[in-house]
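Following: one structure in structure tokens, then a few remarks.
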Amino acid sequence: MKRIISIALLVTLALTINAQKNDPTLLTVGGKDVKLSEFDAIFNKNNSKEKATKESVQEYLDLYIKFKLKVREAEDLGYDTLPKFIKELEGYRGQLAQPYLTDKEVTDGLIKEAYDRMKQDVKASHILIKIKDNRNPTDTLTAYKTAIKVRKRVLAGEDFSKVAKAVSSDPSAQKNGGDLGYFSALHMVYNFESAAFTTKVGDVSMPVRTQFGYHIIKVVDKRAARGSIKVAHIMVKTDKKAASDEIQVKKINEIYTELTKENKDFAELAKQFSDDKGSAKRGGELPEFNTGKMVAEFENAAFGLSKNGDISKPTKTDFGWHIIKRIDLKVLAPYDELYNEIKAKVARDSRSNKSKQALLRKIKEENGFVENISERNDFYKLLDKIEYAKGTWKASSAEKHKKLIFGFYAKDGDKFEYTQTDFANDLEKTKYSNRNDLNVDVVAEINRIYKKILNNKAIAFKDSRLSKTSEEFRLLMQEYRDGILLFDLTDEKVWSKAVKDTLGLDSFHAKNKDNYMWGERVEAIIYSCSDEVVANKLKKLLKKKGKKAYTNDDILKMLNAESQLALKIEEGKFSKGDNEDVDKTSWINGASATYKKNENVVIVKIKKVLASEPKQLNEIKGLITSDYQNYLENEWVKALKSKYKVVVDKEVLKLVK
């Protein structure tokens, strides 16, 4: 007996030593071990260099120690036991587990299929025959037969649009006759999409089943996908509440004339006159977009431009009037670039069911799945259909039935078993959707419920073992756990504190104000005139400005009476580099200068030269808050280093790759 115990101890010791060799402790923070695998995984994820160097490892280790010190403090304060933290981590775990709960081979096939379909746009119309009760086989069959009859009507020559308006369950058919316009992959439910892409132009599909019912699809056209386009635009904003947009129409037409007849620079006019201030700074340039990303009117006008450099006529959208210039048109991006984006969409799409079914087969194969289907079939007689329909059936009706229905038995000893008692309890909890129909198809209902339960339990069994079966998942969960702890505590100690601690912020600014100095600045007014005539009129008005008490708005109204493009006024404080015309003007109180820019005339007036001075807190609130946060964090880390002892194993550190 002693010999057996001794052997067992030796085996246990050997396994422990082997585990320590495979994943040794890299460092301890306040007495808590951090394994090499944990640091190695995060370092390699964030290391942008091809090969780790001694310097890059040490640099990242220093950052990592600061990170772990904060996590250690959060643990000491009990942040990892708070309900808020537990709930948030559970939410992230559900998201992180999803990629591990699909079949990669099947998923990759679906991603590739979606990508290939994205090369085309399909124009189609449909007729929907809704199923009254998806659970009732009779209702399903009735809907299918109706769909077949409708298809025959269309094939016999009846107008598809008229038939859609007469029989389709899709409310929009009354307006559009079932016309769905153009769409591409991942815009429709999977079964519908597959039928649309595989049906020839002009043909009408067989009934296609989706969660909405049966669809008859007529494919009207197929075209190459539009791709993605980059454009610039000039926008004149309209007011939806205004009775008329006459002034805006006049302004956009004047700009269009300047572009087409006067051959003015698009970017310059966008900077001067576009009401989209974000893009105006970039000469009107917008981020690249593809079908469905912009309102239809804007998108059609943009893609309707034949070549780079072409300019559209003024186009109206809900936002205002636009003139669009095509900059570049790209075909579909390469597969590798779009892989992750498509993968995320596939995961949310009904096609993911194919991947789930493949996963279920693997779970059964890998976990010694056992199923006694006859034990399930006992419930065909045990379940009273009227009681079930009314919701009064009780699990006690099957209390003598306790046999195993199915089970999963992993090789490492983990198992899950589902018995007749479990099934009876689940049946009692199940609510029948159509309480008015007492004629329940018991066999179909039991089979449906059983299939759903089996699938859910299989995935739950795999899910519960992910930290055991996937080292990648285990490390990912550790990373997210620590990240949440770090975020909450850092928010309390640094981020929110810097925002709320107004006295501390004032004090920090006062002590460091010499680090935040304005250079020499001027108060100036810039008048941008469309031509010499406007400039001369402006000069006369400026002479009268003091006497007449004209405001900038008064001057704008007088000189822009005939054209909204005649005069633009900008007034403010300027540093060197803010405005080229201000920079060229002598920085002397009361100085003024006039500059010609092609036909345009710019008049700059220097109201006052401002001496160098510290920036006020309200002028640099964002910058000073950021610097104060950095100060608070540095002080906090110093305190943590004093509180928690950090020990690094230099030999283990050499193993980082």
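The values are calculated or read from the model by the stated rules, or taken from the named source; none is laboratory data. These figures come from a predicted structure and were not determined experimentally. Methodologically, a virtual Cβ is constructed for each residue, glycine included, from the backbone with ideal geometry; neighbour enumeration extends over all protein chains shown.
Before moving on, here are some points about what is shown:
- Failed item in (1) part of a loop (DSSP other than H, G, I, E, B); (2) modelled with pLDDT of 90 or more, with S396 passing the rest: (1)
- Checking each residue in region 45-62 for being surrounded by 12 or more Cβ atoms within 10 Å (Cβ to Cβ) and out of contact with any strand residue (DSSP E or B) (no Cβ under 9 Å at 6 or more places or on another chain) picks out N47, A52, S56, V57, Q58, E59, Y60.
- Selection of first residues in region 173-199 that are farther than 19 Å from R209 by Cα and of second residues that are part of a helix (DSSP H, G or I) and of a type outside the set (D, E, K, R), restricted to Cβ pairs under 7 Å at least 6 apart or on distinct chains, gives the following pairs, ordered by first then second residue: G177/S161; G177/A164.
- Selection status of L565, out of contact with any Cys (no Cβ under 8 Å at 6 or more places or on another chain), part of a helix (DSSP H, G or I), surrounded by 13 or more Cβ atoms within 10 Å (Cβ to Cβ) and modelled with pLDDT under 95: no
- Only listed residue being charged (D, E, K, R) and under 20 Å from K544 (Cβ atoms), chosen from D578, D583, D554: D554
- For region 290-325, filtering for residues that are buried (at least 16 other Cβ atoms within 10 Å of the Cβ), modelled with pLDDT of 95 or more and over 16 Å from M235 (Cβ atoms) leaves 1.
- Only one of the numbered conditions (1) in contact with a Leu (Cβ under 9 Å, 6 or more places away or on another chain); (2) over 21 Å from D121 (Cβ atoms); (3) not hydrophobic (A, V, I, L, M, F, W, C) is violated by E262, and that is (1).
- Subset tally (residues that are under 18 Å from P171 (Cβ atoms) and either surrounded by fewer than 16 Cβ atoms within 10 Å (Cβ to Cβ) or free of Cβ contacts under 8 Å to residues at least 12 places away in the same chain (or both)) for region 112-160: 2
- Entry remark, region 244-257: residues being surrounded by fewer than 20 Cβ atoms within 10 Å (Cβ to Cβ) and in a helix (DSSP H, G or I) number 8 in total.
- Those residues of region 325-340 which are part of a helix (DSSP H, G or I) and farther than 10 Å from I111 by Cβ, in sequence order: D336, E337
- One residue alone among G304, G309, G278 is over 27 Å from the mean Cα position of the chain (by Cα), on the phi < 0 side of the Ramachandran plot and among the small types (G, A, S), and that residue is G304.
Every residue, every condition in (1) among the β-branched types (V, I, T); (2) at pLDDT below 90; (3) under 16 Å from K123 (Cβ atoms), yes or no:
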position: V154; (1), (2), (3): yes, no, no
position: F160; (1), (2), (3): no, no, yes
position: A164; (1), (2), (3): no, no, yes
position: D170; (1), (2), (3): no, no, no
position: Q174; (1), (2), (3): no, no, no
position: G181; (1), (2), (3): no, yes, yes
position: M188; (1), (2), (3): no, no, yes
position: N191; (1), (2), (3): no, no, no
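- Among the residues here, A498 does not qualify as surrounded by fewer than 18 Cβ atoms within 10 Å (Cβ to Cβ) and small (G, A, S).
- Filtering region 514-524 to residues that are among the hydrophobic types (A, V, I, L, M, F, W, C) and closer than 15 Å to D583 by Cβ leaves V522, A524.
- Test: residue in region 436-453 that is out of contact with any His (no Cβ under 8 Å at 6 or more places or on another chain), among the basic types (K, R) and part of a strand (DSSP E or B): no
- Picking from residues in region 328-359 that are buried (at least 18 other Cβ atoms within 10 Å of the Cβ) and hydrophobic (A, V, I, L, M, F, W, C), the one that is farthest from Y115 (Cα to Cα) is L359.
- In summary, helices (runs of 4 or more DSSP H) completely within region 575-657 and bearing 2 or more residues that are within 30 Å of L565 (Cα to Cα) and without any contact (Cβ under 8 Å) to a residue 40 or more places away in the chain occur at 580-584.
- Cross-chain or 6+ apart pairs with Cβ under 7 Å, region 63-75 first and touching a residue at least 40 places away in the same chain (Cβ under 8 Å) and farther than 15 Å from R481 by Cβ, then outside any helix (DSSP H, G or I) and of a type in the set (F, W, Y): L69/Y644
- Candidates L556, L541 - the one that is farther than 26 Å from V249 by Cβ, free of Cβ contacts under 8 Å to residues at least 24 places away in the same chain and surrounded by 13 or more Cβ atoms within 10 Å (Cβ to Cβ): L541
- Which numbered condition L538 fails, given (1) over 23 Å from K607 (Cα atoms); (2) assigned to a helix (DSSP H, G or I): (1)
- Test for G178: is it in contact with a helix residue (DSSP H, G or I) (Cβ under 6 Å, 6 or more places away or on another chain) and either more than 17 Å from D221 (Cβ to Cβ) or not hydroxyl-bearing (S, T, Y) (or both): yes
- Selection status of A224, of a type outside the set (S, T, N, Q) and either surrounded by 12 or more Cβ atoms within 10 Å (Cβ to Cβ) or without any contact (Cβ under 8 Å) to a residue 12 or more places away in the chain (or both): no
- Matching residues, region 87-105, being more than 13 Å from Y480 (Cβ to Cβ) and modelled with pLDDT of 90 or more: K87
- Test: S205 is modelled with pLDDT of 95 or more and of a type in the set (S, T, Y): yes
Quick grid of which residues meet (1) assigned to a helix (DSSP H, G or I); (2) at pLDDT 95 or above; (3) not assigned by TED's automatic domain parsing to the domain that holds K415:
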{"site": "V346", "(1), (2), (3)": "yes, no, yes"}
{"site": "S350", "(1), (2), (3)": "no, no, yes"}
{"site": "K354", "(1), (2), (3)": "yes, no, yes"}
{"site": "A358", "(1), (2), (3)": "yes, no, yes"}
{"site": "Y388", "(1), (2), (3)": "yes, no, no"}
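Table: residues versus (1) basic (K, R); (2) part of a helix (DSSP H, G or I); (3) farther than 30 Å from L360 by Cβ.
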| residue | (1), (2), (3) |
| --- | --- |
| N456 | no, yes, no |
| K462 | yes, yes, no |
| Y480 | no, yes, no |
| T490 | no, yes, yes |
| V494 | no, yes, yes |
| H509 | no, yes, yes |
| D514 | no, yes, yes |
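Let's see how each residue does on (1) modelled with pLDDT under 95; (2) under 20 Å from L89 (Cα atoms):
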{"site": "Y432", "(1), (2)": "yes, no"}
{"site": "V440", "(1), (2)": "yes, no"}
{"site": "V443", "(1), (2)": "yes, no"}
{"site": "K457", "(1), (2)": "no, no"}
{"site": "K462", "(1), (2)": "no, yes"}
{"site": "R474", "(1), (2)": "yes, yes"}
{"site": "Q478", "(1), (2)": "yes, yes"}
{"site": "F487", "(1), (2)": "yes, yes"}
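- Residue match in region 235-256 (condition: in contact with a helix residue (DSSP H, G or I) (Cβ under 6 Å, 6 or more places away or on another chain), free of Cβ contacts under 8 Å to residues at least 24 places away in the same chain and on the phi < 0 side of the Ramachandran plot): no
- For region 300-313, the condition of being β-branched (V, I, T) and assigned to a strand (DSSP E or B) holds for at least one residue.
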